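The values are calculated or read from the model by the stated rules, or taken from the named source; none is laboratory data. Computed from a prediction, not measured in an experiment: that's the story for all the values here. Quick reminder, even Gly has a Cβ in these numbers, built from the backbone with ideal geometry, and neighbours come from all protein chains shown.
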Amino acid sequence: MPEQVEDEVIVDRGEINEATDRDRIRVLAGATDTAASFQFDGEDHTLGNALRYVIMKNPDVEFCGYSIPHPSENKMNLRIQTYDGVNVYKVLEKGLNDLMDICDVVEEKFIAARDEHFGDTMQT
């Protein structure tokens, strides 16, 4: 259950609704197995730049870039092009999983540092 502060959701502790989340990512027209553009609803530069960085670390990726089509729309477009024989959809899935792993490590280190600094006075 997300933590609530003044009726605003602060943190969602990993509860994933696959049906809802799947609807937030669309494959745009003109996609092939090695090149595709995806539109993420409800996302912006925060996910776009981090995901672009992680995906570009993959040696099978020729190009990855993102754009925000219009500042008043809460959408982010991501373009991935891979070298021959490498499936772009698997690259996206790997990129998302790698980014989640990085976020988990950052969270663990943050909590450890917070607990070391404040001791038992902080509630989780």
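This table checks each residue for (1) within 14 Å of the chain's Cα centre (by Cα); (2) in contact (Cβ under 8 Å) with a residue 12 or more places away in the chain.
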site: L47; (1), (2): yes, yes
site: G65; (1), (2): yes, yes
site: P71; (1), (2): no, no
site: N74; (1), (2): no, yes
site: N87; (1), (2): no, yes
site: E93; (1), (2): yes, no
site: C103; (1), (2): yes, no
site: I111; (1), (2): no, yes
site: E116; (1), (2): no, no
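If G85 passes every condition in (1) small (G, A, S); (2) within 23 Å of I55 (Cβ to Cβ); (3) part of a helix (DSSP H, G or I); (4) at pLDDT below 95 but one, which one does it miss?
The one condition G85 does not meet is (3).
Tally up the residues in the stretch 18-58 that are in a strand (DSSP E or B) and exposed (fewer than 12 other Cβ atoms within 10 Å of the Cβ), please.
So the count comes out to 0.
Would you call V61 more than 19 Å from A31 (Cα to Cα), β-branched (V, I, T) and surrounded by 13 or more Cβ atoms within 10 Å (Cβ to Cβ)?
It is false that V61 is more than 19 Å from A31 (Cα to Cα), β-branched (V, I, T) and surrounded by 13 or more Cβ atoms within 10 Å (Cβ to Cβ).
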